[in-house]
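Nothing in this text is a laboratory measurement; each read-out follows from the coordinates by a stated rule. Because the structure is predicted, anything quoted here is derived from the model rather than measured. No Cβ is skipped: glycine too gets one built from the backbone with ideal geometry, and neighbour counts run over all protein chains shown.
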Amino acid sequence: MTDSLVSTHDAAPDARNDDILIYVNGEIVHRDAARVSVYDSGFLLGDGIWEGLRLYDGHIPFLEAHLDRLYEAALFLDLDIGKTRANLTQAVWDTLKANGMTTDVHIRLMVTRGRKIKPFQHPHLSVYGPTIVIIAEHSKPDDGVIERGISLFTVPHHRGLPLTQDAKLNSHSKLNCIIALNQAVRAGADEALMLDPFGFVNTTNACNFFIVRKGAVWTSTGDYCMNGITRQKVID
């Protein structure tokens with residue numbers, strides 16, 4: 001049954017992605033050679049943040065807004081990115097240039113607290129500086145998914161209160177979303193529709209949620225979901 005399931009993240013197959021080059025802490029290497037330590041904070045604890053960017057016709061839409069969100073999250077987590085916005089932006093463009101990419105690209109920009117000297121939580125154990133990884137993949141929408149759409153299942157697992165794990169932080173720790181997605185998959189759906197702590201429709205496990213009702217576009221309050229850049233542009 002799960003073989004037929006689709007996702008909002010599905011993209012058309014592209015063989016070029018088998019040989020992409022990935023940025024890892026200042027080096028750009030073939031995907032097969034890209035490595036981070038098993039002592040990395042992101043691997044051990046999900047202690048990191050990330051942004052999902054798109055490249056169209058040589059332009060990254062809303063790049064400054066994405067960087068705002070990344071650096072605000074880093075400040076909240078007391079995570080030193082170790083690069084200025086200009087330097088981090090240049091690293092993104094260097095990765096795209098190394099891959100010869102100009103359009104229809106998805107970019108995942110990730111920053112963790114870095115490698116630790118022991119596999120425990122305390123931030124003082126991260127003594128080597130942050131880990132920065134940039135993965136750029138050729139990514140065009142899958143026409144089959146667009147034509148079919150996806151099915152949602154309303155799950156019992158909620159997006160929680162900000163004082164537990166703030167859904168507005170684009171953190172590496174996505175366990176609550178994964179639990180919700182697994183619940184939906186077991187029910188035969190493609191993805192999960194998650195409620196807020198008060199039982200109101202909130203978001204999916206993977207992206208912000210909108211409905212069109214009586215000629216108007218509806219969405220959640222935004223208090224308990226990812227503060228999506230595209231979401232805000234739609235509202236604006």
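Brief remarks follow.
- Cα-Cα P(r), region 150-235, percent of pairs per 10 Å interval: 18, 51, 28, 3
- The chain - mean residue ellipticity at 222 nm from DSSP helices (-39,500 (n - 2.57) per run, n ≥ 4, rounded to 500): -7500 deg cm²/dmol
- With all projection directions averaged, the alpha carbon convex hull of the chain covers 14.2 nm².
- Sorted by Cβ neighbour density within 10 Å, fewest at the top, the residues D78, D190: D78, D190
- Counting lysine pairs in the chain whose alpha carbons fall under 30 angstrom apart, excluding pairs fewer than 8 residues apart on the same chain, gives 19.
- Kyte-Doolittle mean at least 0.0 and Cα axial length at least 15 Å: DSSP H helices in the chain: 63-76, 175-186
- Among M110, M226, sorting on how many other beta-carbon atoms sit within 10 Å of each Cβ, with the fewest leading, yields M226, M110.
- Here region 15-141 has an Rg and Dmax of 14.7, 44 Å, counting Cα atoms alone.
- Per-pair calculated FRET efficiency, R0 = 35 Å: L163 and R31 via Cβ, rounded to 0.05: 0.35
- With neighbours defined as other Cβ atoms within 10 Å of a residue's Cβ, the residues F120, F210, F43 order from fewest to most as F120, F210, F43.
- At R0 = 35 Å, FRET efficiency that the Cβ-Cβ distance of R213 and S173 yields, to 0.05: 0.60
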